[in-house]
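A.B. asks: Let me begin by handing over the structure; questions about it come next.
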Amino acid sequence: MTSDSVQQDMFTVLHGQPAPVVTRWSYAANDPFAVTLAVRTRHDRWVEWLVARDLVVEALSGPSGEGDVRMSPHIVQGYDIVQIEIHSHDGHAVLEVDRDLLGQFVEATTDLVALGDEWTRMDLDGEIAKITQSCAE
């Protein structure tokens, strides 16, 4: 990772499974609105979801998200966690991650780009050029 990005691996409980799975949370200042959540599968493959950073921030204090990814804080058997529900056409999974660890990741992202300053880091002209170039192909 560069000085304009942050990445953190965390053990995560897949609801109903005895062994934890590894999740990788990534954030890059050049894509300031998004967080990549990757889950390592049994075959050492990574399955990724791109989620709004705001969704992750809000999940630390209350329910957030609509649609395919929803997050909410919970106390489960004395553990302070954030529950992550992921829905896709292939199925549905519920993950549980330590709220303090997720909070540390969020804090690291805000050290790179403060909440509310995301627009100052966007190259809007560059993004429009990418979209128009891909449409022209």
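A.B. asks: What number of residues within the range 31-59 satisfy the criterion of being without any contact (Cβ under 8 Å) to a residue 60 or more places away in the chain, part of a loop (DSSP other than H, G, I, E, B) and either buried (at least 16 other Cβ atoms within 10 Å of the Cβ) or of a type in the set (Asp, Glu) (or both)?
C.D. replies: Counting residues in the range 31-59 that are without any contact (Cβ under 8 Å) to a residue 60 or more places away in the chain, part of a loop (DSSP other than H, G, I, E, B) and either buried (at least 16 other Cβ atoms within 10 Å of the Cβ) or of a type in the set (Asp, Glu) (or both) gives 2.
A.B. asks: Here's a follow-up. Name the single residue, out of those in the range 80-100 being out of contact with any Asp or Glu (no Cβ under 8 Å at 6 or more places or on another chain) and surrounded by fewer than 17 Cβ atoms within 10 Å (Cβ to Cβ), that is modelled with the highest pLDDT.
C.D. replies: Checked the range 80-100; the qualifying residue modelled with the highest pLDDT is GLU85.
A.B. asks: Quick one: what pairs do we get from the range 69-80, first residue closer than 11 Å to VAL56 by Cα and among the hydroxyl-bearing types (Ser, Thr, Tyr), second surrounded by fewer than 17 Cβ atoms within 10 Å (Cβ to Cβ) and at pLDDT 90 or above, C-beta under 6 Å, 6+ apart or different chains?
C.D. replies: Listed by first residue and then by second, the contacts come to SER72/PRO63.
A.B. asks: Restricted to the range 109-136, and to residues that are aliphatic (A, V, I, L, M) and closer than 25 Å to ASP68 by Cβ, which residue is surrounded by the fewest Cβ atoms within 10 Å (Cβ to Cβ)?
C.D. replies: ILE131
A.B. asks: Sticking with this one: State whether the residues of the range 82-96 include one that is in contact (Cβ under 8 Å) with a residue 24 or more places away in the chain, in a strand (DSSP E or B) and over 15 Å from HIS15 (Cβ atoms).
C.D. replies: Among the residues of the range 82-96, not one is in contact (Cβ under 8 Å) with a residue 24 or more places away in the chain, in a strand (DSSP E or B) and over 15 Å from HIS15 (Cβ atoms), which makes the answer no.
A.B. asks: Six or more apart or on different chains, Cβ under 8 Å: which pairs go from a residue in the range 110-133 that's outside any loop (DSSP other than H, G, I, E, B) to one that's of a type in the set (S, T, N, Q) and surrounded by 11 or more Cβ atoms within 10 Å (Cβ to Cβ)? Could you list them?
C.D. replies: Once the first residue is outside any loop (DSSP other than H, G, I, E, B) and sits in the range 110-133, its partners that are of a type in the set (S, T, N, Q) and surrounded by 11 or more Cβ atoms within 10 Å (Cβ to Cβ) give LEU112/SER5; ARG121/ASN30.
The values are calculated or read from the model by the stated rules, or taken from the named source; none is laboratory data. Only a predicted model underlies this, so the values are computations on that prediction, with no experimental measurement involved. FYI the Cβ positions are ideal-geometry reconstructions off the backbone, even for glycines, and counts take in every protein chain you see.
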